[in-house]
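Notes to accompany the following structure.
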Amino acid sequence: MERLRRAFLEFDRRFGGAEPPPRVQVFLARHPVATGVVGGVVNGLLFAWALSAFDDLGRMLQAVLWGLGAGLLFWLLCRFERRRQAHYERTGGWRSAPPSPVAHHALPLWLEGVLWISTWSICTAVLCLIGQLRDPPRSWLWSAMYAGIVIIAGWAARLVRQRRRR
């Protein structure tokens, strides 16, 4: 078991785990029960909505069990993250470099949020127009979900590219 733990920590260090985590990640790791409850309730409600389970008792029970499982998974992941952060704090793994000054080319947070929402809206409209070519046509909900996936995938690719440059 110790070999597995060391292999995980080596893998984690190699992919940026020794960097100080963002404040949101620290907050979620410090409050695993609240994170699990919120994540479970949101997942349970979304699952119930997807199944149209609000008037069927059997499907509602499935949604409740799904939410409970998701909440336990969120709680467990937060506990693991808390232990990982504690390990790096205990062993001095965080780099003690002073915080880098904000780059002049960084956009204000409100403008970045507006750009995310506008990009998502444009992607949703384009995917809906493409979906209209199908028989039967795709819905706006389908387009919005896939637009969100496209936006997040592009953001993740940009993050990976930035980390490789360092």
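The values are calculated or read from the model by the stated rules, or taken from the named source; none is laboratory data. Fair warning: this is a prediction, and the values are worked out from it, not measured in the lab. Positions of Cβ are generated from backbone atoms using ideal geometry, with glycine treated the same way; all protein chains shown enter the neighbour counts. What goes into the accessible areas is simple: the full protein's heavy atoms, side chains included, and nothing from ligands, DNA or RNA. Shrake-Rupley method; radii C 1.70, N 1.55, O 1.52, S 1.80 Å.
Tabulated values for the structure
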{"quantity": "Solvent accessible area, Å² - Ile151, 1.4 Å probe, full protein context", "calculated": "30 Å²"}
{"quantity": "Candidates Arg82, Arg59, Arg30, ranked by Gaussian network fluctuation over the chain, Cα under 10 Å, top entry", "calculated": "Arg59"}
{"quantity": "Highest-first arrangement of 141-149, 14-22, 128-136, 66-74, where packing means the average Cβ count within 10 Å", "calculated": "66-74, 141-149, 14-22, 128-136"}
